[in-house]
1. Can you name the condition, by its number, that VAL372 falls short on among (1) of a type in the set (A, V, I, L, M); (2) open to solvent by 20 Å² or more (accessible area, probe 1.4 Å); (3) within 27 Å of GLU117 (Cα to Cα)?
2. For segment 22-45, give me the residue count where each residue is part of a loop (DSSP other than H, G, I, E, B), open to solvent by less than 30 Å² (accessible area, probe 1.4 Å) and in contact with a helix residue (DSSP H, G or I) (Cβ under 9 Å, 6 or more places away or on another chain).
3. Give the residues of segment 118-146 that are open to solvent by 40 Å² or more (accessible area, probe 1.4 Å) and either among the hydrophobic types (A, V, I, L, M, F, W, C) or not in a loop (DSSP other than H, G, I, E, B) (or both), sorted by residue number.
4. Just a yes or no: is a residue in segment 272-284 touching a residue at least 12 places away in the same chain (Cβ under 8 Å) and within 9 Å of the ligand (Cβ to nearest atom)?
5. Yes or no: segment 383-392 includes at least one residue that is buried (at least 19 other Cβ atoms within 10 Å of the Cβ) and in contact (Cβ under 8 Å) with a residue 40 or more places away in the chain.
6. Within segment 261-298, track down each residue that is surrounded by fewer than 24 Cβ atoms within 10 Å (Cβ to Cβ), touching a Pro at 6+ places or on another chain (Cβ under 6 Å) and assigned to a helix (DSSP H, G or I).
7. Could you grab me the full set of residues in segment 72-105 that are open to solvent by less than 40 Å² (accessible area, probe 1.4 Å) and hydrophobic (A, V, I, L, M, F, W, C)?
Amino acid sequence: MTDSPLWHPFTPMQAFAEERAPVIAAADGFELIDVAGKRYLDGVSSLWCNVHGHRVPEIDEAIRAQLDRVAHSTLLGLRCDVADELARQLVRIAPAAAGTEPLTKVFFSDSGATCVEVGLKMAFQYHRQKATPERRDLFLKLSHAYHGDTVGTASVGGISLFHTLYGELFYKTAAIPSPTPPGYPYALPEGHDADSLPRWALAETDRLLGEHAGRVAALVMEPRVQGAGGLLMHPAGYLRSIRELCTKHDVPLIADEVAVGFGKTGETWACQTEDVVPDFLCTAKGLTGGYLPVAATLTTDRIYDAFLGEPHELRTFFHGHTFTGNALGCAAALASLKKYEADDCPANARALSEAIGERLAPLADHPHVAAVRRCGVMTAIDLVAERVPHRPFPPERRTGHRAVLAARERGLILRPLGDTLVLMPAVGMPVGLADRLCETAIAAIDAATAA
Ligand SMILES: *Cc1c(COP(=O)(O)O)cnc(C)c1O
């Protein structure tokens with residue numbers, strides 16, 4: 001039982017109250033430490049945002065030094081040196097490719113949801129203010145997408161569990177099929193095989209872009225991997241094809257790199273794995289090394305220029321948050337980025353990914369594991385009652401949750417997506433920790449799936 005008044009996010013509070021979740025009080029490197037002194041390996045990088053571990057001396061020091069200068073001042077009508085510098089650094093590291101418009105402008109906000117919502121609103125307003133104005137009021141989204149929990153970003157989400165309830169509040173969207181929906185590749189919709197489904201999804205996207213020509217304000221997607229929807233991993237070339245379809249139909253592409261950015265795929269940006277430059281790039285989670293809530297929406301001169309004009313023309317982007325570009329957060333982000341480059345985190349992520357693949361190889365013939373799916377450090381382990389024929393566990397058994405409890409007992413923090421167990425180590429985690437991560441996860445799976 002808990003006597004705390006705290007209402008936890010995405011948490012069934014009735015069950016949680018019975019559960020004795022650890023109370024985290026400290027951390028050390030890649031371990032979290034609870035009030036009783038028990039240590040846990042942080043196997044999901046504190047919900048996918050931690051980059052270099054906890055209590056990183058360089059980041060701690062940068063925040064302390066910033067505290068001696070200023071913790072926060074507004075970006076409404078004033079500049080701030082660390083915010084300017086972070087914007088410059090983000091433009092420097094943004095994905096770029098010959099013959100595409102570079103990402104040259106940076107709008108700060110506070111979370112993954114806000115940086116995506118900023119992209120949506122900017123795209124909407126852009127069409128009204130561009131040289132030949134248009135009223136475009138529809139967003140294309142992927143089925144099973146997740147972009148955050150504000151009403152705006154929930155509108156472009158596609159996880160029925162989270163999003164159906166609020167449907168009446170949403171703005172206008174049309175869903176394109178995910179190329180790799182839940183169950184892919186072992187439980188496919190009628191009439192499809194593993195190759196035909198992604199091809200059909202692209203053909204449908206082309207068709208919908210044509211059908212709604214002149215109405216689509218933007219297409220928003222998580223590049224390469226749809227995270228909260230179940231770590232749905234797109235086939236190679238899919239993102240590239242979406243970029244080409246957006247260009248063909250003159251629809252801006254919003255890439256939500258909130259989860260996949262900062263090295264998770266083995267490249268800094270998922271877009272870089274397919275040489276794609278979006279019209280909007282959204283980044284949050286890993287931006288400050290997982291320390292503080294800072295997010296950014298990057299875009300091109302073309303979009304930005306549509307917002308220029310005399311103040312009385314009201315072409316301004318009327319959006320902002322009190323803590324936009326918070327100085328402590330920007331200082332943390334600059335220190336994190338410096339360490340990220342010095343340590344070559346993408347290279348570490350690739351080595352860590354390989355080690356995880358090797359250590360999880362024994363699951364290939366586990367009777368209750370349908371598949372181990374991986375992209376970079378993002379690892380999904382699908383737990384099932386039976387592999388062939390494919391038979392899920394009953395949802396009320398909460399098998400994924402049981403695995404998480406079993407892992408916790410063994411000193412490993414994980415979090416499931418339904419009955420998919422997710423390993424999402426920090427990209428800076430030493431490769432040597434892959435043994436402990438994977439061995440504990442396998443032991444937890446054995447415990448949770450036993451009859
Ligand atoms: C986590 C996440 C978000 C939302 O980020 P918050 O900081 O929780 O608002 C948005 N998009 C994706 C892809 C995410 O994984």
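1. Looking at each condition in turn, VAL372 falls short on (3).
2. Of all residues in segment 22-45, those part of a loop (DSSP other than H, G, I, E, B) come to 22-23, 30, 35-38, 43-44.
Restricting the remaining residues to those that are open to solvent by less than 30 Å² (accessible area, probe 1.4 Å) gives 43-44.
Keeping just the survivors that are in contact with a helix residue (DSSP H, G or I) (Cβ under 9 Å, 6 or more places away or on another chain) gives 43.
So the count comes out to 1.
3. Quick first cut of segment 118-146, residues open to solvent by 40 Å² or more (accessible area, probe 1.4 Å) only: 121, 124, 128, 131-135, 137, 144, 146.
Within segment 118-146, LYS121, PHE124, ARG128, ALA131 meet the criteria.
4. Quick first cut of segment 272-284, residues touching a residue at least 12 places away in the same chain (Cβ under 8 Å) only: 272-284.
The next check asks that each one be within 9 Å of the ligand (Cβ to nearest atom); those that pass are 282, 284.
Checking segment 272-284: at least one residue is touching a residue at least 12 places away in the same chain (Cβ under 8 Å) and within 9 Å of the ligand (Cβ to nearest atom).
5. Step one: of segment 383-392, the residues buried (at least 19 other Cβ atoms within 10 Å of the Cβ) are 383-384.
Still in the running and in contact (Cβ under 8 Å) with a residue 40 or more places away in the chain: 383.
Looking through segment 383-392, at least one residue is buried (at least 19 other Cβ atoms within 10 Å of the Cβ) and in contact (Cβ under 8 Å) with a residue 40 or more places away in the chain.
6. GLN272
7. Scanning segment 72-105 gives CYS80, VAL82, ALA83, LEU86, ALA87, LEU90, ILE93, ALA94, ALA97, LEU103.
Matching residues to (1) aliphatic (A, V, I, L, M); (2) within 16 Å of the ligand (Cβ to nearest atom):
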| site | (1), (2) |
| --- | --- |
| ALA96 | yes, no |
| THR100 | no, no |
| LEU103 | yes, no |
| VAL106 | yes, no |
| SER109 | no, yes |
| CYS115 | no, yes |
| PHE124 | no, no |
| GLN129 | no, no |
| PRO133 | no, no |
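The values are calculated or read from the model by the stated rules, or taken from the named source; none is laboratory data. Owing to the predicted nature of the structure, the values given are computational and were not obtained by experimental measurement. As a convention, Cβ positions derive from the backbone with ideal geometry for all residues, glycine included, and neighbour counts pool all protein chains shown. We work out accessible area using only protein heavy atoms, side chains counted, and drop any ligands, DNA or RNA first. Shrake-Rupley method; radii C 1.70, N 1.55, O 1.52, S 1.80 Å.
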